[in-house]
2 protein chains.
Amino acid sequence: MESSHRNLTQQVVHELGKSIFQGTYKVGDSLPSEAELCTRFNISRTATREAVKMLTAKGLIGSRPRQGIKVLDSKHWNLFDVDVLDWILIGKPDLYMLRSFQQLRLAIEAEAAFLAAQYAQPEDIKAIEDALVRMKDATNGEDDTHEADIDFHQSILSASQNPFFIQLKNFITTALKVNLRFTNRLKAVTLEEYQAHVDIFDNIKAKDSQAAFDGAMVTQRATLALINEQIQQFESKGDS
Amino acid sequence: MESSHRNLTQQVVHELGKSIFQGTYKVGDSLPSEAELCTRFNISRTATREAVKMLTAKGLIGSRPRQGIKVLDSKHWNLFDVDVLDWILIGKPDLYMLRSFQQLRLAIEAEAAFLAAQYAQPEDIKAIEDALVRMKDATNGEDDTHEADIDFHQSILSASQNPFFIQLKNFITTALKVNLRFTNRLKAVTLEEYQAHVDIFDNIKAKDSQAAFDGAMVTQRATLALINEQIQQFESKGDS
DNA sequence: ACAATAGTATTTATAATACAAATAAAAAAA
DNA sequence: TTTTTTTATTTGTATTATAAATACTATTGT
């Protein structure tokens with residue numbers, strides 16, 4: 001039995017949300033009617049309707065009398081919602097989705113580094129440094145590389161002191177997880193990658209915002225280039 | 001009577017959402033209990049609960065038995081939700097909020113221009129150009145400057161072909177509106193500003209992504225610098 | 001045959017009531 | 001004082017009933 005710590009309504013929200021991103025219900029499709037959802041999940045109309053309302057609030061579906069419940073066009077989806085990002089991940093994103101993540105990551109993380117260099121407080125610097133230490137330890141197998149990596153990027157966003165960048169922690173975290181799916185290296189980050197992180201940190205600590213920006217940008221563009229190569233490879237294979 | 005085209009639940013969502021961003025209920029505060037909300041809005045528990053669930057889905061509030069309904073910490077708020085952005089605007093954002101908007105705008109719009117140069121389809125180019133024409137007309141008072149400006153920025157985001165950038169249209173639109181609040185120029189954009197837009201468009205059309213990026217970045221950094229000046233002025237005035 | 005109209009059926013929207021579950025606060029016991 | 005038990009309050013879920021919206025059907029008139 002999964003996620004029984006959540007209440008009924010939230011479980012249904014999760015199930016339906018997953019279904020949408022797994023393609024069970026596509027854009028424009030009708031979901032089962034309230035009545036049918038009740039019987040299918042064996043719950044009351046109250047719980048069903050509340051679940052529907054929550055998905056409505058996240059921009060995934062819309063409901064009108066007689067017309068039923070329909071999946072809205074994806075332009076309405078709140079892609080930066082924590083739950084939605086979870087469902088994207090569960091829905092097994094493809095290479096194109098990975099690229100979309102990386103394209104926005106690049107934009108956000110470079111400027112976040114810039115702002116961190118300007119506005120980071122001592123405790124922010126410490127948080128970044130801590131994550132960095134754990135990354136180094138991880139290269140020796142002493143810690144989880146991936147978690148430390150996530151913490152590193154998250155603490156830079158925090159250091160920006162900007163609520164919008166901070167809210168994008170969810171997005172960046174999911175982006176890193178998607179990335180991991182494709183690169184699926186069994187072990188630590190390379191020393192080269194680690195050094196790039198250190199360089200960015202040094203520039204943030206030194207309050208050299210432009211250097212921090214440039215450093216992050218170079219790293220991110222490199223990652224994006226790799227993804228584009230993979231896509232090109234994939235597409236030429238498909239053409240033959 | 002306002003917003004009577006929406007159904008009851010959504011009206012309550014709007015009222016409560018507004019209240020939170022207007023400071024009626026602050027982070028950590030309890031909202032009135034379900035029972036009290038029912039009497040206050042003169043609606044059934046059904047409608048009340050559905051409204052609460054929608055705000056919960058947007059990350060604004062949380063509810064637990066006996067503890068009641070509380071405003072969550074702002075780090076949980078879905079700041080990129082259309083409704084939330086509306087409420088931010090209604091809540092009369094200050095200079096610091098304006099800066100936060102601008103900081104993220106800068107990151108997004110520069111890279112969006114970069115991607116637009118790479119991936120824009122003919123119809124995207126046309127949409128950008130159309131907006132540009134309407135902006136020029138607006139300098140002669142023939143059209144609404146602000147709307148044309150919004151369309152210009154939105155169509156660049158569309159041209160990126162990236163769902164995440166496209167979802168950020170709401171954010172950019174709100175950012176532009178917040179900006180307008182502070183600069184509150186009665187009339188058109190200056191010719192200088194207009195020319196900057198044209199330059200970016202030309203580079204996108206010429207598929208020179210780096211130039212498009214640089215052009216957008218310069219413009220955005222200039223805007224940010226202006227805001228920072230205003231903040232500095234404001235802060236020095238407050239110190240005296 | 002076609003168009004406008006009226007009627008019907010289906011689905012969501014709202015209301016009202018009842019009870020269950022969680023939990024904070026108070027009372028009792030150790 | 002500390003722990004346990006009880007109690008009261010609030011949200012969570014279920015059920016039933018009715019209203020409102022609207023797609024579909026039948027009817028009517030031309």
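Looking only at region B:16-28, count how many residues are open to solvent by 60 Å² or more (accessible area, probe 1.4 Å) and either within 15 Å of DNA strand C (Cβ to nearest atom) or more than 14 Å from every other protein chain (Cβ to nearest Cβ) (or both). Counting residues in region B:16-28 that are open to solvent by 60 Å² or more (accessible area, probe 1.4 Å) and either within 15 Å of DNA strand C (Cβ to nearest atom) or more than 14 Å from every other protein chain (Cβ to nearest Cβ) (or both) gives 3. The single condition among (1) farther than 21 Å from A:Arg6 by Cβ; (2) surrounded by fewer than 22 Cβ atoms within 10 Å (Cβ to Cβ); (3) under 16 Å from the mean Cα position of the chain (by Cα); (4) touching a residue at least 24 places away in the same chain (Cβ under 8 Å) that A:Asp83 does not meet is (1).
Among the residues making up region A:66-90, those that are part of a loop (DSSP other than H, G, I, E, B) and within 10 Å of chain B (Cβ to nearest Cβ) are A:Trp77, A:Asn78, A:Leu79, A:Phe80, A:Asp81. Out of A:Ala188, A:Ala148, one residue alone is over 22 Å from A:Arg99 (Cα atoms), at pLDDT below 90 and more than 14 Å from the chain's Cα centre (by Cα). It is A:Ala188.
Checked against (1) touching a residue at least 12 places away in the same chain (Cβ under 8 Å); (2) in a helix (DSSP H, G or I), B:Ala107 passes all but condition (1).
Scan region B:219-240 and give yes if some residue there is farther than 23 Å from B:Met97 by Cα, in contact with an Asp or Glu (Cβ under 8 Å, 6 or more places away or on another chain) and assigned to a helix (DSSP H, G or I), otherwise no. There is no residue in region B:219-240 that is farther than 23 Å from B:Met97 by Cα, in contact with an Asp or Glu (Cβ under 8 Å, 6 or more places away or on another chain) and assigned to a helix (DSSP H, G or I). Residues that are outside any helix (DSSP H, G or I) and of a type in the set (S, T, N, Q) were ranked within region B:135-180; the one that is farthest from B:Asn203 (Cα to Cα) is B:Asn140. The sole residue among B:Ala127, B:Ala138 that is aliphatic (A, V, I, L, M), farther than 22 Å from B:Asp214 by Cα, in the same structural domain as B:Asn203 (by TED's automatic domain parsing) and touching a helix residue (DSSP H, G or I) at 6+ places or on another chain (Cβ under 8 Å) is B:Ala138. Looking across region B:38-50 at every residue that is more than 7 Å from every other protein chain (Cβ to nearest Cβ) and near DNA strand D (Cβ under 8 Å from one of its atoms), the one that is nearest to A:His76 (Cα to Cα) is identified as B:Thr46. From the list B:Gln22, B:Gln11, the lone residue that is at pLDDT 95 or above and touching a Ser or Thr at 6+ places or on another chain (Cβ under 7 Å) is B:Gln11.
Applying the criterion of being near DNA strand D (Cβ under 8 Å from one of its atoms) and assigned to a helix (DSSP H, G or I) to the residues of region B:14-35, the residue that is nearest to A:Ala47 (Cα to Cα) is B:Glu34.
Listed by first and then second residue, the pairs with beta-carbon distance under 9 Å, at least 6 apart or on different chains, first residue in region B:47-58 and among the acidic types (Asp, Glu), second more than 14 Å from DNA strand C (Cβ to nearest atom), form an empty list.
Checked against (1) assigned to a helix (DSSP H, G or I); (2) surrounded by fewer than 22 Cβ atoms within 10 Å (Cβ to Cβ); (3) within 16 Å of DNA strand D (Cβ to nearest atom); (4) charged (D, E, K, R), B:Lys53 passes all but a single condition, namely (2). Of all residues in region B:38-53, those satisfying the criterion of being among the hydrophobic types (A, V, I, L, M, F, W, C) and within 11 Å of DNA strand C (Cβ to nearest atom) are B:Cys38, B:Phe41, B:Ile43, B:Ala47, B:Ala51.
For region B:191-210: of the residues being free of Cβ contacts under 8 Å to residues at least 60 places away in the same chain and hydrophobic (A, V, I, L, M, F, W, C), which is nearest to B:Ser160 (Cα to Cα)? Here the residue is B:Ala196. Listed conditions (1) buried (at least 22 other Cβ atoms within 10 Å of the Cβ); (2) within 13 Å of another protein chain (Cβ to nearest Cβ); (3) over 16 Å from A:Gly23 (Cα atoms) are all met by A:Ala120, apart from (2). Of the set (1) within 22 Å of B:Leu157 (Cα to Cα); (2) within 11 Å of another protein chain (Cβ to nearest Cβ); (3) open to solvent by 20 Å² or more (accessible area, probe 1.4 Å), all apply to A:Asp94 but (2). When the residues of region B:4-15 are filtered to those that are within 9 Å of DNA strand C (Cβ to nearest atom) and hydrophobic (A, V, I, L, M, F, W, C), the one that is most open to solvent (accessible area, probe 1.4 Å) is B:Leu8.
The values are calculated or read from the model by the stated rules, or taken from the named source; none is laboratory data. For clarity, every value in this text was computed on a predicted model and none was experimentally measured. In this analysis, Cβ positions are derived from the backbone assuming ideal geometry, glycine residues included, and neighbour counts consider all displayed protein chains. Surface areas here come from the heavy atoms of the whole protein model, side chains and all, with no ligands, DNA or RNA. Shrake-Rupley method; radii C 1.70, N 1.55, O 1.52, S 1.80 Å.
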